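The values are calculated or read from the model by the stated rules, or taken from the named source; none is laboratory data. All values derive from a computational prediction rather than experimental measurement. Cβ sites come from the backbone with ideal geometry, for glycine too, and all protein chains shown count toward neighbours.
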Amino acid sequence: MSHLGLARVAGRAGHSVDVLFRVYAKCIAGQNDVARRRIEEALGDGGS
């Protein structure tokens, strides 16, 4: 995500980018693993 995108998201939430990361980063931590697992489940084992 570009820095401009982060500023836009933070602004819409009424926060600075710094606050966005300090407050909300914990909400997205580990989401890559969740997304990967869901994709793998949807596609099956993929021949592995």
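Here are a few things to note about the model shown:
- Matching residues, the chain, being aromatic (Phe, Trp, Tyr) and modelled with pLDDT of 80 or more: PHE21
- Counting only residues that are closer than 18 Å to ARG8 by Cβ and more than 10 Å from the chain's Cα centre (by Cα), the range 23-41 holds 1 of them.
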